[in-house]
Amino acid sequence: MDSNQRESQSERQDIRYSVVMVTAPSREEAETIANALIAARLAACVSLVPVYSIYTWQGEIHHNEEWQLFVKSDLAQFDALSKKIQSLHSYEVPEIIALPIVAGFPPYLQWISEQVQSSHPH
């Protein structure tokens, strides 16, 4: 293993960034959540995609059109981001899950850092 490979592996072990997935019942609610996260500097970018979800809720199977939010953020902001989403979301139990970004284009990751309030030093 050369030094570049070791460096890449160590960068991946120090996971700093994430894509937080959230579903919303309407485009309007999805946009409200997205705008609030961007305005509060809790997210660098939020992508909205229409999805069709099949899930069980309170013992019944549901089939619903929803909007999927892909929130690019700094993991250090997850608690604040989650609280902001919960305060705006109409679901009793909204999907708020963070998927780690294990590798990424360095200039893009730097851009996330510049857009999101962070407890990490820059």
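The rows are residues; the columns are (1) within 14 Å of the chain's Cα centre (by Cα); (2) modelled with pLDDT of 95 or more; (3) surrounded by 11 or more Cβ atoms within 10 Å (Cβ to Cβ); (4) of a type in the set (S, T, N, Q).
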| position | (1), (2), (3), (4) |
| --- | --- |
| 25 | no, yes, yes, no |
| 43 | yes, yes, yes, no |
| 55 | no, yes, yes, no |
| 67 | yes, yes, yes, no |
| 72 | yes, yes, yes, no |
| 76 | yes, no, yes, no |
Within region 78-90, considering residues that are more than 21 Å from residue 115 (Cβ to Cβ) and touching a residue at least 60 places away in the same chain (Cβ under 8 Å), the one surrounded by the fewest Cβ atoms within 10 Å (Cβ to Cβ): 90
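Yes/no matrix, rows are residues, columns are (1) β-branched (Val, Ile, Thr); (2) under 24 Å from residue 14 (Cβ atoms); (3) outside any strand (DSSP E or B); (4) touching a His at 6+ places or on another chain (Cβ under 7 Å):
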position	(1), (2), (3), (4)
50	no, no, no, no
72	no, yes, no, no
80	no, yes, yes, no
85	yes, no, yes, no
99	no, yes, no, no
107	no, yes, yes, no
111	no, yes, yes, no
114	no, yes, yes, no
Using beta carbons and a limit of 6 Å, which pairs, at least six apart or on different chains, have the first residue in region 52-63 and in a strand (DSSP E or B) and the second one charged (D, E, K, R)? 52/65; 53/66
Which numbered condition residue 80 fails, given (1) modelled with pLDDT of 95 or more; (2) touching a Phe, Trp or Tyr at 6+ places or on another chain (Cβ under 9 Å): (2)
Could you look through region 30-41, keep only residues that are in a helix (DSSP H, G or I) and within 21 Å of residue 108 (Cα to Cα), and pick out the one that is farthest from the chain's Cα centre (by Cα)? 39
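The values are calculated or read from the model by the stated rules, or taken from the named source; none is laboratory data. Just so it is clear, the model here is predicted, and its values are computed rather than measured. For neighbour counting, all protein chains shown are included, and Cβ atoms are generated from backbone atoms with ideal geometry for every residue, glycine included.
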